[in-house]
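The values are calculated or read from the model by the stated rules, or taken from the named source; none is laboratory data. Predicted model, so just to flag it, every value in this text is computed and none were measured. Cβ placement follows ideal geometry from the backbone for every residue including glycine, while neighbour counts extend to all protein chains displayed.
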Amino acid sequence: MSMDLNEQGSEDARLAAGSEVNSSREQPSQQLRLERTSAQRPEDAIALIEEYYEAIQVVERDNRKALLEYLSNPQSAVWVAYHGTVPAGCILYRPLPAVDGAGEMKRLYVRPAYRGRGLASQLLRTLEEFAASQGARWLYLDTKDDLYEAIAFYERHGYARCARYNDNPQATIFMRKQLPPPVTVRSFQPGDEEAFRTLNEAWISKYFHLEDKDRQTLHDPHRYVLSPGGQIFIALRDGEQIGCCALCVREDGSLELSKMAVAEQERGQGIGRQLMEHAIAYARAHRIPRLYLETNHSLANAIHLYESVGFRYIPPERIQPSPFARANVYMELFLI
């Protein structure tokens, strides 16, 4: 059974003309995905950035040649978010040579129809993770003082005002954030038993209570997860175990995504998504036909995360009894 990762948090604030608006939530049948754009397929990114320019009347604009240079530079990156095949938003990263060990976030934009779904946060997290992987210790941005909601959004994500770092004549607010070391995910190793147990006990005890099935799995993961052919993945930052998830073998040949936990102080940084994507990639590589999970309807943030990577609700007539009293939401993701 999986947890509330608190990945999305409250999306009550909005970003003016280029960020999130707290409108209707994404429906379960809809899915948004992020894709790093290449110089061979630049049109969607260029169209979104041009739309962004018009939305907030940007004076200093990158021309097509400059945008193609970003896409051709492996140290820069542009991501486009898609709803199906429709571009929904974008963000751009580039190194900042004027500041040692720093990069710059630019052109964060979400089309109005797709705001209020945590997409701007997801774009920003993706960029921050990339910047950290490139060795950036600081991430900078500039904006205008009349974009109040955008400024509030950045402040909630850990950005603080700083001195001017460029000569952009339209920018009046300059902000930066110190990036934490990157998070890595690896398979379970001897010595991970204690972290696997305590991370899960913390969230289960906070929202529900430990059940017999929890105690079995958490006190003997080798017997109940690993020996039958399952997997446990551990998220680490600076060598510290800060998150985990398990894939447990089911009788029908599918795997159950279970025991997913992120340390409370690390939540809201995309670590749960990183663990989940690692688990999905493992299942695909091993030709697993289906992933299954159980959760509780009160864990709305976790359910939103599951939906965003493609999990769908199992029809009532196909639901099997659960060993957990707290389980009342059942989801699956077909991989083959």
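Hey, any hits in region 321-333 for a residue that's buried (at least 16 other Cβ atoms within 10 Å of the Cβ), closer than 27 Å to HIS157 by Cα, touching a strand residue (DSSP E or B) at 6+ places or on another chain (Cβ under 9 Å) and at pLDDT 95 or above? No, region 321-333 contains no residue that is buried (at least 16 other Cβ atoms within 10 Å of the Cβ), closer than 27 Å to HIS157 by Cα, touching a strand residue (DSSP E or B) at 6+ places or on another chain (Cβ under 9 Å) and at pLDDT 95 or above. Can you pull out every residue in region 158-199 that is loosely packed, with under 12 Cβ neighbours inside 10 Å, more than 27 Å from SER258 (Cα to Cα) and without any contact (Cβ under 8 Å) to a residue 24 or more places away in the chain? ALA160, ARG161, ALA163, ARG164, ASP167, listed by residue number. When GLN274, GLN269 are checked against the criterion of being in the same structural domain as SER187 (by TED's automatic domain parsing) and either farther than 18 Å from ASN200 by Cβ or in contact with a helix residue (DSSP H, G or I) (Cβ under 6 Å, 6 or more places away or on another chain) (or both), a single residue qualifies: GLN269. Applying the selection to region 76-89, what residues are surrounded by 14 or more Cβ atoms within 10 Å (Cβ to Cβ) and either over 17 Å from ASN166 (Cβ atoms) or among the acidic types (Asp, Glu) (or both)? The answer is ALA77, VAL78, TRP79, VAL80, ALA81, TYR82, HIS83, PRO87, ALA88, GLY89.
Inside region 149-191, residues that are more than 30 Å from GLU60 (Cα to Cα) and under 24 Å from the mean Cα position of the chain (by Cα) make up a count of 9.
Evaluating GLU26 against the criteria (1) modelled with pLDDT of 50 or more; (2) surrounded by fewer than 18 Cβ atoms within 10 Å (Cβ to Cβ) leaves one unmet condition, (1). Selection of first residues in region 39-51 that are within 16 Å of ASN73 (Cα to Cα) and of second residues that are modelled with pLDDT under 95 and part of a loop (DSSP other than H, G, I, E, B), restricted to Cβ pairs under 7 Å at least 6 apart or on distinct chains, gives the following pairs, ordered by first then second residue: ALA45/THR37. From the residues in region 107-145 that are free of Cβ contacts under 8 Å to residues at least 40 places away in the same chain and more than 19 Å from the chain's Cα centre (by Cα), which one is farthest from ALA81 (Cα to Cα)? So, considering only residues that are free of Cβ contacts under 8 Å to residues at least 40 places away in the same chain and more than 19 Å from the chain's Cα centre (by Cα), the one farthest from ALA81 (Cα to Cα) is ASP145. Picking from residues in region 40-60 that are surrounded by 14 or more Cβ atoms within 10 Å (Cβ to Cβ) and not in a helix (DSSP H, G or I), the one that is modelled with the lowest pLDDT is VAL58. The set of residues in region 90-121 being surrounded by 19 or more Cβ atoms within 10 Å (Cβ to Cβ) and modelled with pLDDT under 90 consists of GLY116, ARG117, GLY118. What do you reckon, is SER298 at pLDDT 95 or above and more than 19 Å from GLY253 (Cα to Cα)? So SER298 passes the test.
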